[in-house]
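The values are calculated or read from the model by the stated rules, or taken from the named source; none is laboratory data. Given the structure is predicted, the values throughout are model-derived calculations rather than measurements. Here Cβ is always computed from backbone atoms with ideal geometry, including for glycine, and neighbour counts include all displayed protein chains.
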Amino acid sequence: MTTTEPLWGPAALQAGLQAAGYTPQQQNDFIVFDYTIEAGSYAGQTIRIGLQATADYPTTPPGGPHVSPRLGHPQGAVHPSGLGTEWEYWSRPAAGWAADRSARGYLRHLRTLFAQLDERAAA
């Protein structure tokens with residue numbers, strides 16, 4: 001019988017994203033992947049997401065997300081990204097992380113964030 005060590009850190013995040021159907025790639029300290037926005041005013045648009053996995057992921061969620069192209073966010077807290085000038089960092093802690101510490105849980109968080117972009121049109 002072969003025992004498999006549980007994955008932690010960036011390897012665990014990358015494996016979780018692959019299991020969810022994405023093709024993540026390591027780019028320096030980030031896991032980067034194409035993401036098609038599912039809800040809101042940008043629905044159907046494919047963008048790039050960069051996540052910086054913590055060493056103890058999934059105990060601690062990735063920070064971010066880092067988004068390219070830069071779309072802004074109606075709730076602010078948008079900062080320069082370490083991925084380059086075409087990227088921006090959204091300081092948005094993953095809501096509900098304690099209930100679902102997985103890549104799929106983080107993807108639900110992304111859906112919520114992109115649905116909030118409609119708030120800009122309503123303002």
Subset of the range 19-41 that is farther than 19 Å from P69 by Cβ and among the aliphatic types (A, V, I, L, M) - its residue that is surrounded by the most Cβ atoms within 10 Å (Cβ to Cβ): A20
Test: residue in the range 53-67 that is exposed (fewer than 13 other Cβ atoms within 10 Å of the Cβ), among the polar types (S, T, N, Q) and at pLDDT 95 or above: no
Which listed residue, of G44, G16, is more than 10 Å from the chain's Cα centre (by Cα) and buried (at least 17 other Cβ atoms within 10 Å of the Cβ): G16
Residue match in the range 32-52 (condition: part of a loop (DSSP other than H, G, I, E, B) and under 25 Å from L7 (Cβ atoms)): no
